[in-house]
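K.L.:
Input: one structure, supplied below.
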Amino acid sequence: MSSQICSIVPPYLLRSIVESQEIEENDRECALRSLNHRDQFVAKRCNRFDALSQPRAAREHAAPEASRQQSIVPEVLLRHIAESEEVDEETRQRARAEIEHSQRVISQYQAAVAPEETGEGAHSAGPSAARAKPMPSTGFYRAIYDAKNDPDEEDLPGKVVRVEGQKVIKDQTANDAYDNVGRVLEFYLKQFNWKSIDNKNMHVISTVHFGKKYENAFWDPTRMQMVFGDGDKFLYRFASCLDVIGHELTHAVTEHTSPLVYQGQSGALNEHISDVFGIMIKQMFENETADEADWLIGEGCLLPDVKGVALRSMKAPGTAYNDPRFGKDPQPASMVEYTPTTEDNGGVHLYSGIPNRAFYLASVAFGGYSWEKAGQIWWKTMTSGRVPARCTFVQFADVTTEVAEELFGEEAANIVRNAWNDVGVTRKH
């Protein structure tokens, strides 16, 4: 089973569809399947971030093997790349080099453990024999798989349909996923010199056409991949929404910067960070300044007949949709409306709207592009080592204000502090 699954569609929206009497039963059942899938993995997601908040030695001891080997790509995929006539020669050579390196590691491991299995020369090879030096990575691979509407995570990733360097194929959803994953990683490299998800050029696998009418998209870190459903009557086109992919891949980046426990305010900040970087990625590729942008998350995910514009609005939380079939966007824009809840792990999707609006206000106040100042402040905050795993909104506001002054001076610090004050996140004196 997978763990730490975050899906782009908030549970309260799916639940509203499930409970609506104005929606046909078949459509409610589709939403219920998506909701049950999300609920099934919430506890494991929390456990994942709890583990990441532990000291490094404890994390490495407890972490599953898959999470410690985040750069490993199945050899069958590398061989597919290495032998493809549609891939350029440089990419083929890199794939062949990685295959050789992988086989060398396996050979050294077998040489190290074989004496122990036979009881002969158990100490001759020594533990170091199994430790090959990691091969320097010169870039990441993207690979797109097709689940063919299989709803079972155990069958992921599915059938490979497009890999790094190959030309477009007939499946537009697969092409969209391929292109948008590349744009997300290009953004991180260009703006923050961050290489792929883990800063070590981790390869990124995605699966499209997951499940039957599955109305969601998520990042599965145990399998180290993105998963996209096709959607149904209300939500669709997840692979074509750049900010959606940016949001989900940023959850993986958060694991490698400042892991935030997925509960309460720290969980809402976890969601907030994904929205922040997802929206900046969209704005960069649409060449929009902060005051020109619409600040909508999942703008292309709602079907045309839905009365709404997006899944969330960072500019005006609570205004993204208002449809008689599943209600009004419930996100609050200020701490005045904050009420502790046990739903959705303490409202992680609900209350992310409060810091979202603070980031919007700071970005507009700075002027220009959101990633030039506000984005740099939020990035350094996440990589500063000052964000506790169970961070509160006030603590996060303090760190962003401190970082703003360090990067851009006292005036910048005042802009950031005022943005937090405007949403009711204030220090208690």
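K.L.:
Going by the alpha-carbon gyration tensor, a ≥ b ≥ c the square roots of its eigenvalues, is the stretch 155-307 rounded (a/c under 1.5) or, if a/c is not under 1.5, prolate (a/b greater than b/c) versus oblate?
P.N.:
Judged from the Cα gyration tensor, the stretch 155-307 comes out rounded (a/c under 1.5).
K.L.:
Where does the charge balance sit around F277 when Lys and Arg score +1, Asp and Glu -1, over other residues with C-beta under 11 Å from its C-beta?
P.N.:
Result for the local shell: -2.
K.L.:
Taking Rh as the Kirkwood radius, which is the inverse of the mean 1/r over Cα pairs, what is the Rg/Rh value for the stretch 242-342?
P.N.:
Value, to two decimals: 0.98.
K.L.:
Treat the count of other C-beta atoms within 10 Å as a stand-in for reagent exposure and order I23, I273, I205 from fewest to most.
P.N.:
Placing the least packed residue first, the sequence is I23, I205, I273.
K.L.:
Further question on the same structure: Can you compute 3J(HN,Hα) from phi for each residue in the stretch 160-176, using the Karplus curve 6.51 cos²θ - 1.76 cosθ + 1.60 with θ = phi - 60°, rounded to whole Hz and x for Gly and Pro?
P.N.:
After applying 6.51 cos²θ - 1.76 cosθ + 1.60, I find 5, 10, 7, 10, 3, x, 6, 6, 4, 10, 6, 7, 5, 4, 5, 5, 4 Hz.
K.L.:
Follow-up question, since we're still on this one. Express in nm, to one decimal, how much length is gained between S84 and E25 on full extension, taking 0.36 nm for each residue of separation and deducting their alpha carbon distance.
P.N.:
Difference between extended and current length: 16.6 nm.
K.L.:
Less than 14 Å Cβ to Cβ from K190, Lys/Arg counted +1 and Asp/Glu -1: what total charge do the surrounding residues give?
P.N.:
0
K.L.:
Using label points projected 7 Å from each Cα along Cα→Cβ, tell me how many nm separate D294 and D152, to one decimal.
P.N.:
4.0
K.L.:
While we're on this one: Given K170/K315; K167/K315; K170/K212; K315/K380, which pairs have Cα atoms separated by over 28 Å?
P.N.:
Over 28 Å Cα-Cα: K170/K315; K167/K315.
K.L.:
Are there GluC sites (Glu not before Pro) in the stretch 257-332 that DSSP marks as loop and that have at most 13 other Cβ atoms within 10 Å, and which are they?
P.N.:
In loop regions of the stretch 257-332 (DSSP not H, G, I, E or B), the sparsely surrounded GluC sites (Glu not before Pro) are E286, E292.
K.L.:
Convert each backbone phi in the stretch 304-320 into a coupling constant with the Karplus relation 6.51 cos²θ - 1.76 cosθ + 1.60 (shift: θ = phi - 60°), then list the ³J(HN,Hα) values in order as whole Hz, x for Gly and Pro.
P.N.:
So the J values, rounded to whole Hz, are x, 7, 7, 7, x, 10, 5, 7, 8, 10, 7, 6, 9, x, x, 10, 5.
K.L.:
Let me ask something additional. If eta is 1.002 mPa s and T is 20 °C, what Stokes-Einstein diffusion coefficient results for the stretch 266-422, Kirkwood Rh from Cα pairs, in µm²/s?
P.N.:
135
K.L.:
What's the local net charge at D398, with K and R +1, D and E -1, over the other residues with C-beta under 10 Å away?
P.N.:
So the surrounding residues net to +2.
Throughout, read-outs are computed from the coordinates displayed, never taken from laboratory work. Keep in mind it's a predicted model, so treat the numbers as computed, not measured. All Cβ positions, even for glycine, are placed from backbone atoms using ideal geometry, and neighbour counts span all protein chains on display.
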